[in-house]
Amino acid sequence: MENYLEINYEKNMQMLSDAIKYCKENYLHEDIIKVLKGNNDLEKQFCLIELKSVNSQDEADILVYNLTQHSGPVRETTSYKILDLIQKEEFKNFFQTENIMNTFVKAVTDINPTVSRNTTEIIKYVENAQYIYNEIIKEIKTTLANMEDIKQTRSYVANKKNFNLYWNLEAIISIADRVNADIELIEILKQTALSNDYTIREKTAKAASEFLKTDDNFKTILDILKDDENIYVRKYL
């Protein structure tokens, strides 16, 4: 135990020393991009904060590369930075490729809720919202199909699937005014409206109320939920 504590202490002190060093660095734009291509997660966090622009498609790709399959702090900081840049007209165009949109779809269900929340905001600025919508529908259908095989004794698996449903539904809601939904979504919401998890029923009601603005067929979903006793569900009815 003592050796472990000593090693852990030394590691923490080294990280603190490195953090102080990075704070003192005067990074040029080229330096930041180089760090974002590397593997130093601690330095990446400082560089992501300092990043003020992306000047090419390659630089945007490098930035988005850090949104998935990296450490939690890097993914979270990257999500904030992308959200900041994609809202600006001079940079927005760099975040519209199919590869980048596919990364956004993955990031919607990141295990870190902050990444998920930021990504549902990010996709509001994607020009091809219908592509995002179609890919998320595929994800939801896969999740629902897999849930049929989950046993009660494996509740942690069910929780993960519900987490995915929650954020995918929230993502669809965020672009509801820019996509064409059809019977496929209605059938999905008929299933999620029967969920034992009130947060899924809440997102179902919210989605139905949003799409009802352009398609009266979504009233069917609200009818299913009309007797729901949960206050968070009822506020959308």
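The values are calculated or read from the model by the stated rules, or taken from the named source; none is laboratory data. All of these numbers come straight from a predicted model, not from anything done at the bench. A quick note on method: Cβ atoms are made from the backbone with ideal geometry, for glycine too, and the neighbour counts reach across all protein chains shown. All accessible areas refer to the heavy atoms of the entire protein, side chains included, with ligands and DNA or RNA removed. Shrake-Rupley method; radii C 1.70, N 1.55, O 1.52, S 1.80 Å.
Relative to the longest principal Cα axis of the chain, at what angle does helix 2-24 sit, 0 to 90 degrees, rounded to 10?
Compared with the principal axis, the helix lies near 80 degrees.
What length, rounded to one decimal in nm, is gained on full extension from Lys88 through to Gln69, with 0.36 nm per residue of separation minus their alpha-carbon distance?
Gain on extension, Lys88 to Gln69, equals 4.3 nm.
Could you work out what % of the accessible surface of the chain is carbon and sulfur, using a 1.4 angstrom probe and leaving DNA, RNA and ligands out of the count?
Numbers: 6430 of 13470 Å².
The nonpolar share, carbon plus sulfur, comes to 48 percent.
Between Lys141 and Ser56, what is the FRET efficiency for a Förster distance of 25 Å, r being their Cβ-Cβ separation, to the nearest 0.05? Don't skip to the end; give the middle numbers.
Working: r = 36 Å, r/R0 = 1.44.
Working from the Cβ atoms, E equals 0.10.
Ranked by accessible surface with a 1.4 Å probe, highest first, in what order do Thr220, Thr199, Thr214, Thr192 come?
Thr214, Thr220, Thr199, Thr192
Arg178: accessible area at probe 1.4 Å, nearest 10 Å²?
90 Å²
Of Lys160/Lys206; Lys34/Lys88; Lys37/Lys81; Lys138/Lys190; Lys160/Lys219; Lys160/Lys213, which pairs sit farther than 27 Å apart, going by alpha carbon to alpha carbon?
Numbers: Lys160/Lys206 21 Å; Lys34/Lys88 23 Å; Lys37/Lys81 16 Å; Lys138/Lys190 16 Å; Lys160/Lys219 29 Å; Lys160/Lys213 31 Å.
From Lys160/Lys206; Lys34/Lys88; Lys37/Lys81; Lys138/Lys190; Lys160/Lys219; Lys160/Lys213, over 27 Å: Lys160/Lys219; Lys160/Lys213.
Relative to the longest principal Cα axis of the chain, at what angle does helix 72-86 sit, 0 to 90 degrees, rounded to 10?
80 degrees
Just want to confirm a number: the relative contact order over region 64-202, from Cα pairs under 8 angstrom separated by 6+ residues, in percent.
21 percent
As I understand it, the value is the acute angle between the Cα axis of helix 155-174 and the longest principal axis of the Cα atoms of the chain; what does it come to in degrees, rounded to 10?
So the inclination is approximately 90 degrees.
Quick one: order Lys44, Lys161 from most to least accessible surface, probe 1.4 Å.
Per-residue accessible area, sorted high to low, gives Lys161, Lys44.
Can you pull the semi-axes for region 142-220, root of five times each eigenvalue of the Cα gyration tensor, sorted largest first, whole Å?
Result for region 142-220: semi-axes of 24, 12, 11 Å.
What's the longest uninterrupted piece of the chain once you rule out the GluC sites (Glu not before Pro) that are loop residues per DSSP with at most 11 other Cβ within 10 Å?
That would be 1-147.
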